[in-house]
Amino acid sequence: MIEKRYAVRPYLRTRLEGWRITLLGYKTLAETGHYPGQEEINDGFTLIKALLACEESYTFIERFNERKDELLDFSDNYHDLEHFYEHQKPTWEKLHTAHTTYTLNRSQLECDTKAAPALRRMQDIITARSPYRSYPGGQRPHHSRGRRQYG
């Protein structure tokens, strides 16, 4: 049993380090202010840093278990971020560019009964804290690692 505990630690540390490295790439984009997820990324870094700071195996496993709920929540956030940055980023960039272009003609578009709601919807998506499922292409596949379930 003790040998298994010691074998688990390197595996978990490797996974956490992988998350940390991936988040670094997302953080660079989120810090520009043009991409979502800054808060989730920062929360993830805080959690990962606290866990990776545990050098002793027993303490690491104990702390990992104590923070199980936080890890499950972050796992959901991580998979949302991963899906967004790996699959939705081009759509997001097109949406952002279109919104910027249409905003130049906001006063005329707001008078149009079809264009005004569309412009508002674009604004809502761009300013949403977690817009990951707010637009076409935003539904990520079902994932059962965390606690949330998606169709």
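The values are calculated or read from the model by the stated rules, or taken from the named source; none is laboratory data. Computed from a prediction, not measured in an experiment: that's the story for all the values here. Backbone-built Cβ (ideal geometry, glycine too); neighbour counts: all protein chains shown.
Structure data summary
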quantity	calculated
Extreme residue, modelled with the lowest pLDDT, among residues of segment 87-144 that are acidic (Asp, Glu) and within 23 Å of the chain's Cα centre (by Cα)	Asp124
Condition met for Ala53 (among the aliphatic types (A, V, I, L, M), under 17 Å from Ile21 (Cα atoms) and surrounded by fewer than 16 Cβ atoms within 10 Å (Cβ to Cβ))	yes
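Residues are listed down the side, and each one gets a yes or a no for (1) under 20 Å from Pro10 (Cβ atoms); (2) within 14 Å of the chain's Cα centre (by Cα); (3) modelled with pLDDT of 95 or more; (4) surrounded by 14 or more Cβ atoms within 10 Å (Cβ to Cβ):
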{"residue": "Lys49", "(1), (2), (3), (4)": "yes, no, yes, no"}
{"residue": "Thr59", "(1), (2), (3), (4)": "yes, no, no, no"}
{"residue": "Glu66", "(1), (2), (3), (4)": "yes, no, yes, no"}
{"residue": "Glu82", "(1), (2), (3), (4)": "no, yes, yes, yes"}
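Here is a yes/no grid of residues against (1) assigned to a helix (DSSP H, G or I); (2) β-branched (Val, Ile, Thr); (3) free of Cβ contacts under 8 Å to residues at least 24 places away in the same chain:
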site: Gly25; (1), (2), (3): yes, no, no
site: Glu40; (1), (2), (3): yes, no, no
site: Gly44; (1), (2), (3): yes, no, no
site: Asp69; (1), (2), (3): yes, no, yes
site: Leu72; (1), (2), (3): yes, no, no
site: Asp76; (1), (2), (3): yes, no, no
site: Thr97; (1), (2), (3): yes, yes, yes
